[in-house]
1. Search segment 41-55 for residues being of a type in the set (G, A, S) and touching a residue at least 24 places away in the same chain (Cβ under 8 Å), and hand back the single one that is nearest to D79 (Cα to Cα).
2. For G184, state whether it is of a type outside the set (V, I, T), assigned by TED's automatic domain parsing to the domain that holds R256 and closer than 17 Å to F287 by Cα.
3. Taking the stated definitions as given, is V270 under 21 Å from G143 (Cα atoms) and crowded, with 17+ Cβ neighbours inside 10 Å?
4. Filter the helices (runs of 4 or more DSSP H) completely within segment 256-375 down to those with at least 1 residues that are more than 30 Å from D227 (Cα to Cα) and of a type in the set (F, W, Y).
5. Hey, any hits in segment 357-378 for a residue that's over 23 Å from the mean Cα position of the chain (by Cα) and among the hydroxyl-bearing types (S, T, Y)?
6. Give me the residue from segment 23-37 that is assigned to a strand (DSSP E or B) and touching a Lys or Arg at 6+ places or on another chain (Cβ under 9 Å) and, out of that set, modelled with the lowest pLDDT.
7. Which members of segment 281-322 meet the condition of being within 15 Å of Q208 (Cα to Cα) and touching a residue at least 60 places away in the same chain (Cβ under 8 Å)?
8. Every residue in segment 157-202 that is in contact with a Gly (Cβ under 6 Å, 6 or more places away or on another chain) and crowded, with 17+ Cβ neighbours inside 10 Å, please.
Amino acid sequence: MASRSNREDAIRDNPSVAGCGSRGAMITEVAPGSIADELGLRPGDRLVSINGHKARDLLEYSYLTQTSELRLEVARGDDEIIMCDIEKDEDEDLGISFADALFNGTMQCSNNCLFCFIRQNPRGVRPSLCVRDDDPRLSFFHGNYISLTNLSNDHFNMLLKMRLSPLYVSVHSTDPAVRKRLMGYKRDIDIISQLSALVAAGTTVHCQIVLCPGINDGSELTRTVDDLHRLHPGVASVAVVPVGLTSHREHLPPLRRPDRAVARETLAIVERLQEHCLKSSGTRFVFASDEFYFLADMPFPEGVEYEEYQQIENGVGLTRKMYDEFKEIVETRGFPTANGDRPVSLITGVLGAKALKFILSVLRTDQLKHVHIHAVENSFFGSPVTVTGLLCGRDVLRGIEEMRQALGSLPATRPVVVIPDVMVNVDGLFVDDLSLEQVRKTAAQLGVDLRVVNTSADGLYCALATARE
């Protein structure tokens, strides 16, 4: 039950921002008795500019309105422009609510990254997974990783003034030529200069390195982490994650996934860097994702070695944290033995199956009776994609069919199939746009109870415990 990014839930299935366009940000509510109410502003009006500056989002709006003298340009209908001159206390709110926090839509990425996952999507993928966002606001709001390569000088300077913190930045390499090769942008951009400016402005930055064997591994990885560590504590942490490749890379540059040897070499480098960073600055600073330990067939570090789990949303330390939490729950609450012969199948991805095997190792053999971990190969993105969150609805149904075949005749009590909630978005859709209700209905027709559980130690415990009642 491995985690995945929440990026698409932040954007949802429509990358445009409802009610926002070139004529300004739509006002949805005006507080009674507020400054805006006294000015006669009303829902449906559009805020065009503040002191001549077009605010791009709620953050800029808040920043620009923290002054005592304002001139608002407001559009009403198709042809009316209202100019409002205001004198107020600097911290006094105008009493305006907007349709969305982003006024000008989601900033898109114009890079041509060698490893861009979106360019490897199969046909029929959920629309939200096709959005190439590179928006600092989503980085601040939701922890999305951004490149800093798609910002104008004006926007970058505004970012410095607003001091959004923390931000999450994809670095990959601090060598300008290597980074440009990996990310496919045309401008001359010095990522260290950008990060230095952000740190000097008071922004905390977390970085990631997507490791591509033969390009930014080995000595290049060492140099990149060393460069970033010089900016500590402003640059607070670095995650190293393996490049993700699907089976749909037609007409794309050749890349290879880290194998066991590369994974072991990478972990050795990370451990050496951690030792150096710990001695010089009191933090291990750089952390490898769980997938590297699975690829290398090596044990996970102890929980204390992940420090504050700063990069857990990036798949760093998730397995260890779930193991420790699940163990504590079992020791505190106990765990019921099997009641009858009701099978419980945990359908998960290839990587998730390895994680679950480790997590459930805290249980005794008799407690695991009739509990089955069923790894399903990804048929939608291809077998190279092993994370659970990218399994599609049809993969889950195939897993249920395989489970039924393995059981032979169904027992008297209906089998329970458990899937983690990372497989579906907030609208209950799998990555192939199949709905959870469709999958659940088909599962019921096959004589199976399908349950979706929270991707956490408590969610796993409750799923297993209640299935035995």
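The values are calculated or read from the model by the stated rules, or taken from the named source; none is laboratory data. Being a predicted model, the structure only gives us computed values, none of them experimental. Using ideal geometry, Cβ is built from the backbone for each residue, glycine included, and neighbour counts are taken over all protein chains shown.
1. Only one residue fits best here, namely G44.
2. The answer is no for G184.
3. No.
4. So the answer is 318-333, 350-359.
5. For segment 357-378, residues over 23 Å from the mean Cα position of the chain (by Cα) and among the hydroxyl-bearing types (S, T, Y): present.
6. The residue in question is G24.
7. F285, V286, D290, E291, Q310, Q311, I312, E313, N314, G315, V316 - these are the residues of segment 281-322 that are within 15 Å of Q208 (Cα to Cα) and touching a residue at least 60 places away in the same chain (Cβ under 8 Å).
8. Y168, V199
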